[in-house]
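The values are calculated or read from the model by the stated rules, or taken from the named source; none is laboratory data. On a predicted model such as this, the values are computed, not experimentally measured, just so you know. So basically every Cβ, Gly included, is an ideal-geometry build from the backbone, and we count neighbours across all protein chains shown.
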Amino acid sequence: MPPDLVEKIDWDTLELEGSKYVDEELKDSESDLLYSVNFKDSKDKCFLYLLFEHQSKPDKWLRFRIMKYKTRIWDESFKKYKDQEVLIPILSGRIIKKGAFLKPCKGDTYQPRATPWVKTLQ
């Protein structure tokens, strides 16, 4: 996570939200955890998403799957946290993988630019 974002988070509010965003057909090789935290001086949430994946070769669809999981999380947050000031909560995702390939997993850093829709954290 970017250091400036880490500084703005109230880590005492860390809360496990669940683990249910992985596609049903991938549950044998993937697992996930979603945490929420509040920003200091705000009730707005930031979501920390961890995806644990076991695969033996690179997956060209990884970025798409991550985007799908993030969209599910955002959709649920709109329903659960209706009073948030931000339209799209910040969602920091990381992939923890084990496999035969050792190249860095680039899908974990993909997130569409939501800046026009989020309240600036300054």
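Computed values, structure above
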quantity	calculated
Yes/no for Arg63 being surrounded by 13 or more Cβ atoms within 10 Å (Cβ to Cβ), of a type in the set (Lys, Arg), assigned to a helix (DSSP H, G or I) and modelled with pLDDT under 80	yes
Subset of the stretch 25-38 (residues that are at pLDDT 75 or above and either outside any strand (DSSP E or B) or in contact with a Pro (Cβ under 9 Å, 6 or more places away or on another chain) (or both))	Ser36
Some residue of the stretch 92-108 being modelled with pLDDT of 70 or more, at negative phi, touching a Lys or Arg at 6+ places or on another chain (Cβ under 8 Å) and assigned to a loop (DSSP other than H, G, I, E, B)	no
Given (1) modelled with pLDDT of 75 or more; (2) within 15 Å of the chain's Cα centre (by Cα); (3) of a type outside the set (Lys, Arg); (4) in a loop (DSSP other than H, G, I, E, B), index of the condition Asp41 fails	(2)
